[in-house]
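Report on the structure given below.
Here, each number is a calculation from the coordinates, and none is a lab measurement. What you are looking at is a predicted structure, and each value in this text was computed from that prediction instead of being measured. Positions of Cβ are generated from backbone atoms using ideal geometry, with glycine treated the same way; all protein chains shown enter the neighbour counts.
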Amino acid sequence: MNKWLILLCCIVFISASLMTTGLTRALIDLAAFSALLWLVFRSQNPTQD
């Protein structure tokens, strides 16, 4: 499921980035990078009891 979530996240952020310019685009790119890092690190850490 995480692979589909990462793919969907990429598609949404790329489309939003293409529709904007300037500071808004930079903020969208920063949010995309942060979200992808969060998804990757969350999927690598197993849940501890």
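What 222 nm value per residue comes from the helices of the chain, counting each DSSP H run with n ≥ 4 as -39,500 (n - 2.57) and dividing by all residues, nearest 500 deg cm²/dmol?
On the way: 2 runs with 40 residues, N = 49.
Taken over the chain, the calculation gives -28000 deg cm²/dmol.
Counting other C-beta atoms within 10 Å, which of ILE11, ILE28 has the fewest, and how do the rest follow?
ILE11, ILE28
How much length is gained if the chain between ALA31 and CYS9 is pulled fully straight, taking 0.36 nm per residue apart and subtracting their Cα-Cα distance, in nm to one decimal? Walk me through the numbers on the way to the answer.
Working: separation 22, 0.36 × 22 = 7.92 nm, distance 1.04 nm.
Using 0.36 nm per residue and subtracting the Cα-Cα distance, I get 6.9 nm.
Hey, what angle do you get for helix 22-44 against the long axis of the chain, alpha-carbon based, 0 to 90 degrees rounded to 10?
So the inclination is approximately 10 degrees.
Taking the 0 to 90 degree range and rounding to the nearest ten, how far is the long axis of helix 2-18 tilted relative to the main principal axis of the chain, both from C-alpha atoms?
Between helix and principal axis, roughly 10 degrees.
Based on other C-beta atoms within 10 Å, arrange SER17, SER43, SER34 from fewest to most.
SER34, SER43, SER17
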